[in-house]
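Structure provided below as structure tokens; questions to follow.
The values are calculated or read from the model by the stated rules, or taken from the named source; none is laboratory data. It should be emphasised that the depicted structure is a prediction, and the values quoted were computed from it without experimental measurement. When we count neighbours, we look across all protein chains shown, and the Cβ atoms used for this are built from the backbone with ideal geometry, even at glycine.
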Amino acid sequence: MSETNTAAEVAAPHRYTAALAADIEARWQDFWDADGTYEAPNPSGELAGDPAVVARPKKFIMDMFPYPSGAGLHVGHPLGYIATDVYARYHRMTGHNVLHTLGFDAFGLPAEQYAVQTGTHPRVSTEANIENMKAQLRRLGLGHDKRRSFETIDPEYYKWTQWIFLQIFNSWYDEDAKKARPIAELVALFESGERAVDGERPWSELSAAERADVLGRYRLAYASDAPVNWCPGLGTVLANEEVTADGRSERGNFPVFKSKLRQWNMRITAYADRLLDDLDALDWPEAIKLQQRNWIGRSVGARVDFPVEGHPDAKVTVFTTRQDTLFGATYLVVAPEHQLVVAEGGNGGIVPAAWPEGTHEDWTGGHATPAEAVAAYRKEAAAKSDVERQADAKEKTGVFTGAYAINPVSGARLPVFTADYVLMGYGTGAIMAVPAHDSRDFAFARAFDLPMRCVVRPSDDRGTDPSTWAESFDSYEAEIIDSAGPDVSLDGLAVPEAKTRMAEWLTERGIGEATVNFRLRDWLFSRQRYWGEPFPIVYDEAGVAHPLPESMLPLELPEVEDYSPRTFEPDDADTSPETPLSRNEDWVNVELDLGDGVKRYRRETNTMPNWAGSCWYELRYLDPHNSERLVSADAERYWMGPREGQPHGGVDLYVGGAEHAVLHLLYARFWSKVLFDLGHISSAEPFHKLYNQGMIQAYVYRDSRGIPVTATEVEERDGAFYHQGEKVSRLLGKMGKSLKNAVTPDEICAEYGADTLRLYEMAMGPLDVSRPWDTRAVVGQYRLLQRLWRNVVDEATGELTVVDAEPDDATLRALHKAVDGVAQDMANLRFNTAIAKVTELNNFVTKLSEVPRSVAERMVLLVAPLAPHIAEELWRKLGRTGSVVHQDFPVADPAYLVDEAVTCVVQIKGKVKARLEVAPSISDEELEKVALADPAVVAALGGAGIRKVIVRAPKLVNIVPA
RNA sequence: GAGCGAGUGGCGCAACAGGCUAGACGCAGCGGACUUAAAAUCCGUAGCCCAAGUGGCAUGUGGGUUCGAAUCCCACCUCGCUCACCA
């Protein structure tokens, strides 16, 4: 604190200063901890409490829990925590049993990287970071139930993460029942023969390894050899959601390559429909719902088989959303990785030995045989990174395979190409090209001189000859033309009807059917990391995976000497991952009795991704120390169970950043649904209401070289900015150490106190909007608290200044208006306007010669959710006992919300010409009469006749002259 | 390129459903009080323009609907976010 305040402190020893705030805040924080003020009772079990509180309506209010980084918090981090805290406090004061707490998400790459950089064990550095963060957060006075806090790295927590993994591993998705069921039930169906095993031999004839293989195709958690995102720079594989659009790792920005590796996956695709449909009932921002819908990417269309000329057994199966344009298909394209063009092995390959007679020379790529051309193109495509593929998107490349397919509707011969604009990972990896009606096919057809056929009548004046067009034509509101074949005709149908008709025809013929295709892929669930949850899986000598029994959980992460990941040159795709755990042979090789005697096993050495711990943590808050179950059924039903208006149940308010739209939020929904299907929980959705807080931005000052300079050392002169005499530029950016503009909550607390910081963060603007931090402006909220304090306490003596007189009418109206507005704003997360209303009331009260006690008390209650420490202190000074936390929030008396007299505006053609004081209950007729009689109105009308009078009693009259 | 969102004083932002003279509340500014002085605090002032009025212009720009538009519609401009060869 600066020394200049000392004099003021002497003059006014009881002024609300930073020093006094610090003293008040520390005292009340200690009181809350000792008192357990924020402990929310469960209906039963270890955390059971006052039945009267349990009987209240519940509110489960949650933040996205923090990831403890070494850098500590800046003022942007706690924005959401303060908002949920205010909201939670408001609901505690309005008769709710409020569960509000905070844990720590502490496994994962950043913690590990920080540990490697600093040369400390991740557990040591993570624990230190958490302690530091806890201290920073405690200073803010957040009302958390500390009994319920945990860290995802606690073995008692990740025991249940592993347990859930086993639940998922031990279940399959029953497409008929549309839900997950235990894998044992599938085994029973196979054993009884009720359900046939895919493949030629019956279940009873299969070996143990073969059976494991079959089940692996059903399990919701399974290992497979599919191509995955391999990131040599990070030394680990990544989920699709963790790879950016330009083919780089979201973390670290290293190149990512497709590589075939045996990895664990979660069959999230089984839930695609439910993940999509259940979004409708969630109270989430539309933008986030839209992002999830796009990510799931449901497309309705059809599968169509095209016979291949000269290969009676081969067919090209395509997925299309425009089966109505089948007559317009003039060629086919398969992805370079497609089985049909894999020359080696000859498994269904359709590439002929020689180019067909008269092959266009541009189609051959200059190669002597189709096999050579295809092999060369495949190699070229494989060498391209996603970045390059992206960059080349405009220029279409490809090569003719030498094969022809037959269009089943018209009998037309269609050349089959392979090109990298068709992706193996989407649909069937093959398309029918309709160049007249698809922009990509149009570009390819132009490049390779392929024919085009118009089968949808253009709605503009371009005509029906595609060779004269500048671009393809694509519309769902047009008529099908030129689509009559020997067996089926679509001519004259509208697009939707034509789609249905074509799908029916394909189904009748057995050469296709209407299908739905999803963009969503299975979730890659293993990482080559040390700092994560170990998989509770061991392999026997035949390589069959076995789940550990529940009794062996938690499988603790072993202490190792070398926990650093094996990373490679970021651009070296010819590398393969090495798991840190595999270096520890003593841990990897074990002898276990899994029910059939002691045998030797090897442990799985991958670890789970950092998302695992956050997929279910909301459940553990409910019953954090339960050693028997992940959560007691009673607690789960009470806090999460479906309520009216929340058909799926879930957390009542979940606040966090929008960056988790498709990662955490999708994964957590998926786990909830599996646990729900298996009967472990009653809520099929984790988060009923989601709210995205905006970002706190900060000015970044850069010198002439573009290097950020320390923001606090920058001076402003005449609208320009200078750092050590040098002119610097100013731009709005993120807040952080690297941009030298971080402001910590600690320094603001030291300067003004936590209550001021809380108020300022809430007053800056609407919660969901990003806005720039301005340290200079914080003082405004400090002044509000000082004035509030002064309205109750004499700064010189510390004595109360309130009087026991009844407030006058105007004061009561101001009070009740504020109470009403603040309550509504709080309930709707509009804290910025709530603070404005409190300020307005406080400014009003400041002007009173003396402050009535009843007004002061209600003002204290009004600010209690926002500035809890000063509220507690004033409440106590006002002679009230107990904590303000559990007082009732003031309720507005409607009688004082109606003003005695209302100002009515009289407009003439929308321009205000007079103002009248009228009774709020005045009738339209009466008001019109009064308005027309007003001298100013008469004068303004100047004798002109009246055409029309619009009356909105009691506030407005608008006169339209003739 | 596509989709979504947003443009209001020097700044952050208000105006809850088209209707109380747009700019609440706060920062910065300006004037004053207190002080030897400064800081802090308090009181006041404050959109822009001018011939200073019972004046004109003002919610990104241009049009429209309406008695009345920051609010609704159309076009354009700018910024932000998301997705991006998904068949």
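Need a quick list: strands (runs of 3 or more DSSP E) entirely within the stretch A:531-622 having at least 1 residues that are within 30 Å of residue A:652 (Cα to Cα) and under 34 Å from the mean Cα position of the chain (by Cα).
Working: elements: A:537-539, A:545-547, A:589-593, A:598-603.
Those strands (runs of 3 or more DSSP E) do not exist here; none qualify.
Quick one: in the stretch A:424-441, of everything that is of a type in the set (A, V, I, L, M) and modelled with pLDDT of 90 or more, which residue is nearest to RNA strand B (Cβ to nearest atom)?
The initial filter retains those residues of the stretch A:424-441 that are of a type in the set (A, V, I, L, M), namely A:424, A:430-434, A:436.
Add one more test, that the residue is modelled with pLDDT of 90 or more, and what stays is A:430-434, A:436.
Details: A:430: 7, A:431: 5, A:432: 7, A:433: 8, A:434: 7, A:436: 13 Å.
Within the stretch A:424-441, the match that is nearest to RNA strand B (Cβ to nearest atom) is A:431.
Give me the strands (runs of 3 or more DSSP E) completely within the stretch A:234-343, filtered to those with at least 1 residues that are near RNA strand B (Cβ under 10 Å from one of its atoms), ordered by residue number. It would help to see each step written out before you state the result.
Working: elements: A:236-238, A:257-260, A:263-266, A:298-308, A:311-320, A:331-334.
Ranges flagged: A:298-308, A:311-320, A:331-334.
Hey, any hits in the stretch A:807-825 for a residue that's surrounded by fewer than 19 Cβ atoms within 10 Å (Cβ to Cβ), farther than 19 Å from residue A:896 by Cα and within 16 Å of RNA strand B (Cβ to nearest atom)?
No, that holds for no residue.
Ok, one more. What residue, of A:444, A:448, A:400, A:473, is modelled with pLDDT of 85 or more, surrounded by 16 or more Cβ atoms within 10 Å (Cβ to Cβ), within 12 Å of RNA strand B (Cβ to nearest atom) and hydrophobic (A, V, I, L, M, F, W, C)?
Details: A:448 fails: within 12 Å of RNA strand B (Cβ to nearest atom); A:400 fails: within 12 Å of RNA strand B (Cβ to nearest atom); A:473 fails: within 12 Å of RNA strand B (Cβ to nearest atom).
Residue meeting the stated conditions: A:444.
Next question, about the same structure. Would you check if residue A:539 is in contact with a strand residue (DSSP E or B) (Cβ under 7 Å, 6 or more places away or on another chain) and either of a type outside the set (Gly, Ala, Ser) or surrounded by fewer than 20 Cβ atoms within 10 Å (Cβ to Cβ) (or both)? Break it down into steps so the answer makes sense when it comes.
On the way: in contact with a strand residue (DSSP E or B) (Cβ under 7 Å, 6 or more places away or on another chain): yes; either of a type outside the set (Gly, Ala, Ser) or surrounded by fewer than 20 Cβ atoms within 10 Å (Cβ to Cβ) (or both): yes.
Yes, satisfied.
Consider only pairs whose beta carbons are under 8 Å apart and that are at least six residues apart or on different chains; among these, list those whose first residue lies in the stretch A:217-245 and is at positive phi and whose second residue is surrounded by fewer than 17 Cβ atoms within 10 Å (Cβ to Cβ) and not hydrophobic (A, V, I, L, M, F, W, C).
Listed pairs, sorted by first residue: A:235/A:578.
While we're here: Considering only residues that are more than 8 Å from RNA strand B (Cβ to nearest atom) and among the polar types (S, T, N, Q), look in the stretch A:898-956 and name the one that is surrounded by the fewest Cβ atoms within 10 Å (Cβ to Cβ).
Result: A:921.
Next question, about the same structure. Cβ contacts < 8 Å: first residue without any contact (Cβ under 8 Å) to a residue 40 or more places away in the chain, restricted to the stretch A:405-431; second residue of a type in the set (D, E, K, R) and surrounded by 23 or more Cβ atoms within 10 Å (Cβ to Cβ), any location; separation 6+ or different chain. Result?
Cβ pairs passing all conditions: none.
Here is a check on your reading of the model: is residue A:581 of a type outside the set (Ser, Thr, Tyr) and farther than 27 Å from residue A:663 by Cα? Don't jump to the end; show me each part of the working.
Details: of a type outside the set (Ser, Thr, Tyr): yes; farther than 27 Å from residue A:663 by Cα: no.
The answer is no for residue A:581.
Something else: Being of a type in the set (D, E, K, R), free of Cβ contacts under 8 Å to residues at least 40 places away in the same chain and within 16 Å of RNA strand B (Cβ to nearest atom) is the filter here; which residues of the stretch A:840-896 pass it?
Correct list: A:840, A:847.
Quick check on this structure: which one of A:430, A:443 is out of contact with any Lys or Arg (no Cβ under 8 Å at 6 or more places or on another chain) and closer than 22 Å to residue A:378 by Cβ? Talk me through it step by step, then tell me what you get.
Details: A:443 fails: out of contact with any Lys or Arg (no Cβ under 8 Å at 6 or more places or on another chain).
On inspection, the qualifying residue turns out to be A:430.
Only one residue in A:869, A:886 is at pLDDT 95 or above and surrounded by fewer than 13 Cβ atoms within 10 Å (Cβ to Cβ), so which one is that? Working first, answer last.
Working: A:869 fails: surrounded by fewer than 13 Cβ atoms within 10 Å (Cβ to Cβ).
None of the others qualify; the one that does is A:886.
Return the residues of the stretch A:403-423 that are out of contact with any Phe, Trp or Tyr (no Cβ under 9 Å at 6 or more places or on another chain), more than 7 Å from RNA strand B (Cβ to nearest atom) and on the phi < 0 side of the Ramachandran plot; say none if nothing qualifies. Lay out the reasoning, then the answer.
We begin by selecting, within the stretch A:403-423, every residue out of contact with any Phe, Trp or Tyr (no Cβ under 9 Å at 6 or more places or on another chain); these are A:403-404, A:411, A:422-423.
Then drop every residue that is not more than 7 Å from RNA strand B (Cβ to nearest atom), which leaves A:403-404, A:411.
Once the filter is applied, which keeps residues that are out of contact with any Phe, Trp or Tyr (no Cβ under 9 Å at 6 or more places or on another chain), more than 7 Å from RNA strand B (Cβ to nearest atom) and on the phi < 0 side of the Ramachandran plot, the stretch A:403-423 yields A:403, A:404.
Which one of these does residue A:597 not meet: (1) modelled with pLDDT of 95 or more; (2) surrounded by fewer than 16 Cβ atoms within 10 Å (Cβ to Cβ)?
The number of the failed condition is (1).
Could I ask something else about it? If the Cβ limit is 6 Å and pairs must be 6+ apart or interchain, which residue in the stretch A:481-500 that is among the acidic types (Asp, Glu) pairs with which residue that is surrounded by fewer than 16 Cβ atoms within 10 Å (Cβ to Cβ)?
These pairs meet every condition: A:491/A:484.
A further question follows. Could you tell me how many of the residues in the stretch A:421-452 are under 16 Å from residue A:330 (Cα atoms) and among the polar types (S, T, N, Q)?
1
Of all residues in the stretch A:769-805, which are hydrophobic (A, V, I, L, M, F, W, C) and within 6 Å of RNA strand B (Cβ to nearest atom)? Write out each step before concluding.
As a first pass, look at the stretch A:769-805 and keep what is hydrophobic (A, V, I, L, M, F, W, C): A:769, A:773, A:777-779, A:784-785, A:788-789, A:792-793, A:796, A:800, A:802-803, A:805.
Listed by number, the residues that qualify are A:769, A:777, A:779.
Report whether or not residue A:659 is modelled with pLDDT under 95, part of a helix (DSSP H, G or I) and among the acidic types (Asp, Glu). Break it down stepwise before answering.
On the way: modelled with pLDDT under 95: yes; part of a helix (DSSP H, G or I): yes; among the acidic types (Asp, Glu): yes.
For residue A:659, the condition - modelled with pLDDT under 95, part of a helix (DSSP H, G or I) and among the acidic types (Asp, Glu) - is met.
Right, something else. Filter the stretch A:628-673 down to residues that are within 16 Å of RNA strand B (Cβ to nearest atom), in contact with a strand residue (DSSP E or B) (Cβ under 8 Å, 6 or more places away or on another chain) and within 26 Å of residue A:156 (Cβ to Cβ), then give me how many there are. Steps first, please.
Of the stretch A:628-673, the ones within 16 Å of RNA strand B (Cβ to nearest atom) are A:656-667.
So of that shortlist, the ones also in contact with a strand residue (DSSP E or B) (Cβ under 8 Å, 6 or more places away or on another chain) come out as A:656-658, A:665, A:667.
Those still in the list that are within 26 Å of residue A:156 (Cβ to Cβ) too: A:656, A:665, A:667.
Residues that pass the stated criteria total 3.
Still on this structure, please answer the following. Any residue at all in the stretch A:710-728 that is over 30 Å from residue A:180 (Cα atoms), surrounded by 22 or more Cβ atoms within 10 Å (Cβ to Cβ) and among the hydrophobic types (A, V, I, L, M, F, W, C)?
We begin by selecting, within the stretch A:710-728, every residue over 30 Å from residue A:180 (Cα atoms); these are A:710-728.
Restricting the remaining residues to those that are surrounded by 22 or more Cβ atoms within 10 Å (Cβ to Cβ) gives A:711.
Remaining after also requiring among the hydrophobic types (A, V, I, L, M, F, W, C): A:711.
So far as the stretch A:710-728 goes, yes, one or more of its residues are over 30 Å from residue A:180 (Cα atoms), surrounded by 22 or more Cβ atoms within 10 Å (Cβ to Cβ) and among the hydrophobic types (A, V, I, L, M, F, W, C).
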